[in-house]
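Undergrad: Handing you a structure now.
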Amino acid sequence: MFQNTQIGSLYNSEILQEDLQNIYSIGYFSDNMSVDPILKTDDTVELVFIVEENILIKDVSIAGNNVVSTEELLPFVVSLKNKPQNLVEINKSIGAIQDYYHEKDYILASVFSVDDDSEGNLSFTIAEGIINKIEIAGNEKTKDYVIARNMMTLPGSVYNEECLKKDLSKVFSTQIFEEVNRDIRPSDENEGTFDVTVVVKEKSTNSIGLGGGIDTGLGAFGSLSLKEDNFLGRAQRLSLNGIIGS
């Protein structure tokens with residue numbers, strides 16, 4: 001029930017405004033609505049609610065999608081056709097499209113805009129979350145290419161959370177970092193795209209071992225070992241061992 005005003009109730013302008021708001025919340029009408037009170041000869045008031053129905057939607061289209069097909073997305077918007085434009089239902093369609101993308105790990109995807117025309121055509125434009133550039137930070141010794149060669153995610157591709165997690169796991173598996181994280185921010189260069197920064201924290205990758213003893217055949221001896229797991233910052237392993245005896 002959208003009207004609180006009932007036959008036999010007292011005229012109340014505040015309640016009438018609530019009634020208009022309730023009608024507007026249905027979504028099928030514009031905000032150009034009013035109530036026309038007509039005073040009758042028996043001192044009662046007849047109320048005429050004047051509303052303006054939104055334009056009829058004749059066709060719905062989707063643009064901007066590449067990693068998800070139009071056929072997959074149409075079920076979320078087809079129910080809008082052949083009905084007056086309804087902002088409530090349009091918002092539900094927007095939410096359903098975005099949820100579908102996010103379930104596929106395209107977590108940066110969103111409905112960028114919804115446009116209509118006087119002919120009743122409604123168009124949803126999607127920004128899928130394209131990566132503008134990938135940067136690397138936190139590495140003081142390790143070469144950038146050592147990190148980059150472990151990543152399948154590239155600039156120009158649509159950001160996928162699961163794919164990037166796998167890339168970061170590969171970087172971490174080199175065993176030369178304590179932490180590997182990512183930072184995402186909207187690009188200042190290209191609207192609707194994102195810059196991704198792979199942030200690493202290097203760990204100590206070298207170790208030195210000293211030893212010694214007395215052997216009945218060799219006599220007194222000393223040993224030295226040197227191990228480096230990130231030689232020259234290239235993720236190469238170097239191991240040196242030496243023994244000096246008398």
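Undergrad: Write out, first by first residue and then by second, each pair whose Cβ atoms fall under 8 Å of each other, whose residues are 6+ apart or on separate chains, and whose first residue, in the stretch 161-180, is outside any helix (DSSP H, G or I) while the second is of a type in the set (D, E).
TA: Q175/D229; I176/E202; I176/D229; F177/E202; E178/E202
Undergrad: Cβ-Cβ distance below 7 Å, separation of 6 or more or different chains: which pairs start in the stretch 100-117 with a residue that is over 16 Å from L87 (Cα atoms) and free of Cβ contacts under 8 Å to residues at least 60 places away in the same chain and end on one that is open to solvent by less than 70 Å² (accessible area, probe 1.4 Å) and among the acidic types (D, E)?
TA: D105/E161; Y106/E128; I107/E161; A109/E128
Undergrad: Out of all the residues in the stretch 18-30, which are more than 18 Å from I57 (Cα to Cα) and either more than 32 Å from the chain's Cα centre (by Cα) or open to solvent by less than 50 Å² (accessible area, probe 1.4 Å) (or both)?
TA: Result: E18, D19, L20, Q21, N22, I23.
Undergrad: Got a number for residues in the stretch 31-62 being of a type in the set (G, A, S) and closer than 30 Å to A109 by Cβ? Reasoning before the result, please.
TA: Taking the stretch 31-62 as the starting set, the residues that turn out to be of a type in the set (G, A, S) are 34, 61.
Now narrow it down to the ones that are closer than 30 Å to A109 by Cβ: 61.
So the answer is 1.
Undergrad: How do the pairs read when you match residues in the stretch 140-157 that are free of Cβ contacts under 8 Å to residues at least 12 places away in the same chain with residues anywhere that are of a type outside the set (V, I, T) and in a loop (DSSP other than H, G, I, E, B), using Cβ under 9 Å and keeping only pairs 6 or more apart or on different chains?
TA: If the second residue must be of a type outside the set (V, I, T) and in a loop (DSSP other than H, G, I, E, B), the pairs left are Y145/R234.
Undergrad: A further question on this structure: Quick check, is K58 without any contact (Cβ under 8 Å) to a residue 40 or more places away in the chain and of a type in the set (K, R)?
TA: For K58, the condition - without any contact (Cβ under 8 Å) to a residue 40 or more places away in the chain and of a type in the set (K, R) - is not met.
Undergrad: For the stretch 129-140, what are the residues that are in a loop (DSSP other than H, G, I, E, B) and open to solvent by 60 Å² or more (accessible area, probe 1.4 Å)?
TA: Kept after step one, since they are in a loop (DSSP other than H, G, I, E, B), are these residues of the stretch 129-140: 129, 138-140.
E140, the sole residue that qualifies.
Undergrad: Something else now. Tally time: how many residues in the stretch 100-128 are farther than 29 Å from E161 by Cβ, open to solvent by less than 70 Å² (accessible area, probe 1.4 Å) and either basic (K, R) or assigned to a loop (DSSP other than H, G, I, E, B) (or both)?
TA: Residues flagged as farther than 29 Å from E161 by Cβ, open to solvent by less than 70 Å² (accessible area, probe 1.4 Å) and either basic (K, R) or assigned to a loop (DSSP other than H, G, I, E, B) (or both) within the stretch 100-128 amount to 2.
Undergrad: Quick one: would you say E191 is open to solvent by 80 Å² or more (accessible area, probe 1.4 Å), closer than 15 Å to L108 by Cα and modelled with pLDDT under 95?
TA: Details: open to solvent by 80 Å² or more (accessible area, probe 1.4 Å): yes; closer than 15 Å to L108 by Cα: yes; modelled with pLDDT under 95: yes.
So E191 fits the description; yes.
Undergrad: Got at least one residue in the stretch 121-134 being out of contact with any Asp or Glu (no Cβ under 8 Å at 6 or more places or on another chain) and under 30 Å from Q21 (Cβ atoms)?
TA: yes
Undergrad: Kindly indicate the residue of the stretch 141-150 that is of a type outside the set (F, W, Y) and surrounded by fewer than 17 Cβ atoms within 10 Å (Cβ to Cβ) and also farthest from S79 (Cα to Cα) among those meeting that condition.
TA: K141
Undergrad: On to the next question. Which one of S25, S69 is hydroxyl-bearing (S, T, Y) and either more than 30 Å from V158 (Cβ to Cβ) or in contact with a Ser or Thr (Cβ under 9 Å, 6 or more places away or on another chain) (or both)? Spell out the reasoning first.
TA: Numbers: S69 fails: either more than 30 Å from V158 (Cβ to Cβ) or in contact with a Ser or Thr (Cβ under 9 Å, 6 or more places away or on another chain) (or both).
Exactly one residue qualifies, and that residue is S25.
Undergrad: Now a separate question. Please determine, by comparing only the residues of the stretch 87-99 that are out of contact with any strand residue (DSSP E or B) (no Cβ under 7 Å at 6 or more places or on another chain) and touching a residue at least 24 places away in the same chain (Cβ under 8 Å), which one is most open to solvent (accessible area, probe 1.4 Å).
TA: Among them, the one singled out is L87.
Undergrad: Cβ-Cβ under 7 Å, sequence separation 6+ or interchain: first residue in the stretch 31-43 and closer than 21 Å to E53 by Cα, partner β-branched (V, I, T) and surrounded by 10 or more Cβ atoms within 10 Å (Cβ to Cβ). Which pairs?
TA: M33/I23; M33/I50; M33/V51; S34/I50; D36/I50; P37/V45
Undergrad: Additional query: Could you check the stretch 48-86 and list, in sequence order, the residues that are under 21 Å from N32 (Cβ atoms), touching a Phe, Trp or Tyr at 6+ places or on another chain (Cβ under 9 Å) and open to solvent by 50 Å² or more (accessible area, probe 1.4 Å)?
TA: Within the stretch 48-86, V51, E52, E53, K83 meet the criteria.
The values are calculated or read from the model by the stated rules, or taken from the named source; none is laboratory data. Because the structure is predicted, anything quoted here is derived from the model rather than measured. Note that we place each Cβ from the backbone using ideal geometry, even for glycine, and neighbour counts take in every protein chain shown. Note: areas computed on protein heavy atoms with side chains; ligands, DNA, RNA excluded. Shrake-Rupley method; radii C 1.70, N 1.55, O 1.52, S 1.80 Å.
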